[in-house]
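The values are calculated or read from the model by the stated rules, or taken from the named source; none is laboratory data. On a predicted model such as this, the values are computed, not experimentally measured, just so you know. Don't worry about glycine lacking a Cβ; one is built from the backbone with ideal geometry, like all the others, and counts go over all protein chains shown. Protein only, heavy atoms only, side chains kept; ligands, DNA and RNA dropped before computing areas. Shrake-Rupley method; radii C 1.70, N 1.55, O 1.52, S 1.80 Å.
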Amino acid sequence: SQSVAVLPALLRLDKGDLTEALAALAHAEPPPLAPRALLLQLHLLKPEDGERGVPLKALIDAVQACINEREVFTRAELTAALEEVVQLDPLPLLTMRTIIQTMVNWPDAATAVMGLLRTLLEREVWATKLWGGYVRCCSMAMPLSRELFYAMPPAQLEAALASHPDVKQKLVAHARAERGAVPTAALGVLGL
């Protein structure tokens, strides 16, 4: 659509004008792009590669501006858009940043976020550039994300815990208390 075609030009505006333009787009009656569609389209844009694409910082600012428009980009709209984003191949670069920002801005979206993280784990997110952000998000979501850590392949769990020793302590304490609820492979990584 015409609205999608104009997004790269909008992203070349300075931050203030970009935020204003996105707010106007989001609050238009009727909106030229539904909030979910706008967020999805922003994730589909390619970050700058020389003369092609759009500036990464502008993409980050645009997604954040959308998240900040809470009455338009509700928890339901954000999580619905992210359910589509986590199915894209390849996974967009801003996927984890948007999931983390959703979790920070909408703490009551935790259950939906866990579903998104499970989907990413099933898609072998550890083989992508998003892995560090994935582990960070799981770490932030403890203890809710405990099962996601246990579901990681042993090598990935070991690497994740090496970068987040505080999570390892929490998982060890949980595993000691509820050994039967923890997969054998995870117990091995935890040294139990």
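Tabulated data
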read-out: Verdict on R136 being open to solvent by less than 80 Å² (accessible area, probe 1.4 Å), charged (D, E, K, R) and within 22 Å of the chain's Cα centre (by Cα); value: no
read-out: Flag if E83 is open to solvent by 10 Å² or more (accessible area, probe 1.4 Å) and farther than 23 Å from H27 by Cβ; value: yes
read-out: Residue check for E20: acidic (D, E) and either within 22 Å of the chain's Cα centre (by Cα) or in a loop (DSSP other than H, G, I, E, B) (or both); value: no
read-out: Unmet criterion (only one of (1) more than 20 Å from M96 (Cα to Cα); (2) of a type in the set (G, A, S); (3) open to solvent by 40 Å² or more (accessible area, probe 1.4 Å)) for A127; value: (1)
read-out: Where L11 falls short, out of the listed (1) open to solvent by 40 Å² or more (accessible area, probe 1.4 Å); (2) in contact with a strand residue (DSSP E or B) (Cβ under 6 Å, 6 or more places away or on another chain); value: (1)
read-out: Qualifying residue in the stretch 77-84 (condition: touching a residue at least 12 places away in the same chain (Cβ under 8 Å) and farther than 20 Å from Y134 by Cα); value: yes
read-out: Index of the failed condition, G180 passing every other in (1) within 22 Å of the chain's Cα centre (by Cα); (2) modelled with pLDDT under 95; value: (1)
read-out: Residue match in the stretch 43-51 (condition: surrounded by fewer than 20 Cβ atoms within 10 Å (Cβ to Cβ) and assigned to a strand (DSSP E or B)); value: yes
read-out: Residue within the stretch 18-33 that is within 26 Å of M142 (Cβ to Cβ) and surrounded by 13 or more Cβ atoms within 10 Å (Cβ to Cβ) present; value: no
